[in-house]
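Engineer: Encoded as structure tokens, here's the structure I'll be asking about.
Bear in mind these aren't lab numbers, they're just calculated from the coordinates by the rules spelled out. Owing to the predicted nature of the structure, the values given are computational and were not obtained by experimental measurement. Glycine also receives a Cβ, built like all others from the backbone with ideal geometry; neighbour counts cover every protein chain displayed.
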Ligand SMILES: [Zn+2]
Ligand SMILES: [Zn+2]
């Protein structure tokens, strides 16, 4: 399984990264986890837009789903003719949410181009087994565990601290964990993790590698890294960056 970071900026694109998007590939199958603001452009450096097999959207905040708008145009009006409907997994409201985002009539919205499917607890997707878990966040939001050939990728999506996140990441080879907040008073509950909390979750889940992501541009990322390294997690920790590739 190969994981490529397409976008790792938190909440809005930064000068060096789009918002959340990860390309996960195995056996010729290409899956996108999230397609956030700004990700559609850089994605094309790594994979043709017409060689994506499925998209899983963790939740319907703009920084995780909004580039489905441009992608709808690219697939709907492709001059080479109609493309097969692309499976897009997300929360139940995803079809209406995306129709509103593009100011389309909700019927048919984007359903002529995307085969919207509501996320289930566990499902097979090409060569992958995907397990979802509901996370604490202001909207319905899921973490993903993606398994292939005995290797495991875990992705937090957006979440506050949660035992369910530890379960999702248990024994993962690679844990892409959001680290939106810095240590300090006043961080709101059930919204995001600090980098230190990301490290604590990684330690409890005993993951092989922790990559801090959803890094918000107004923070000092080096401080996030230092705070995570001050956590109980003793394994390798790094900051996500655009174009980083992990072969699991
Ligand atoms: Zn976000
Ligand atoms: Zn969010």
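Engineer: Which of the residues belonging to the stretch 99-128 are over 19 Å from residue 53 (Cβ atoms) and either part of a strand (DSSP E or B) or within 16 Å of ligand 1 (Cβ to nearest atom) (or both)?
Structural biologist: Quick first cut of the stretch 99-128, residues over 19 Å from residue 53 (Cβ atoms) only: 99-109, 121.
Residue satisfying the conditions is 101 alone.
Engineer: Taking the options 64, 59, name whichever one is surrounded by 15 or more Cβ atoms within 10 Å (Cβ to Cβ), part of a loop (DSSP other than H, G, I, E, B) and in contact with a strand residue (DSSP E or B) (Cβ under 8 Å, 6 or more places away or on another chain). Give the derivation first.
Structural biologist: Details: 64 fails: part of a loop (DSSP other than H, G, I, E, B).
One residue alone meets the criteria, 59.
Engineer: Working only within the stretch 22-46, note down all residues that are over 14 Å from residue 245 (Cβ atoms) and within 16 Å of ligand 2 (Cβ to nearest atom).
Structural biologist: Listed by number, the residues that qualify are 33, 34, 35, 36, 37, 38, 39.
Engineer: Taking the condition of being assigned to a loop (DSSP other than H, G, I, E, B) and closer than 18 Å to residue 30 by Cα, how many residues in the stretch 67-98 meet it? First the steps, then the outcome.
Structural biologist: Residues of the stretch 67-98 assigned to a loop (DSSP other than H, G, I, E, B): 67, 77-85, 91-93.
Next cut, closer than 18 Å to residue 30 by Cα only: 67, 83-85.
Of the residues in that region, 4 qualify.
Engineer: For the stretch 36-53, state whether one or more residues are under 20 Å from residue 102 (Cβ atoms), within 16 Å of ligand 1 (Cβ to nearest atom) and surrounded by fewer than 19 Cβ atoms within 10 Å (Cβ to Cβ).
Structural biologist: no
Engineer: Could you list, ordered by first residue, the pairs with Cβ atoms under 7 Å in which the first is in the stretch 56-67 and in contact (Cβ under 8 Å) with a residue 40 or more places away in the chain and closer than 14 Å to residue 138 by Cα and the second is within 11 Å of ligand 1 (Cβ to nearest atom) and part of a helix (DSSP H, G or I), at least 6 apart or interchain?
Structural biologist: Cβ pairs passing all conditions: 58/64.
Engineer: Residues in the stretch 16-42 that are within 23 Å of residue 116 (Cβ to Cβ) and either assigned to a strand (DSSP E or B) or touching a helix residue (DSSP H, G or I) at 6+ places or on another chain (Cβ under 7 Å) (or both): how many?
Structural biologist: Residues in the stretch 16-42 being within 23 Å of residue 116 (Cβ to Cβ) and either assigned to a strand (DSSP E or B) or touching a helix residue (DSSP H, G or I) at 6+ places or on another chain (Cβ under 7 Å) (or both): 18 in total.
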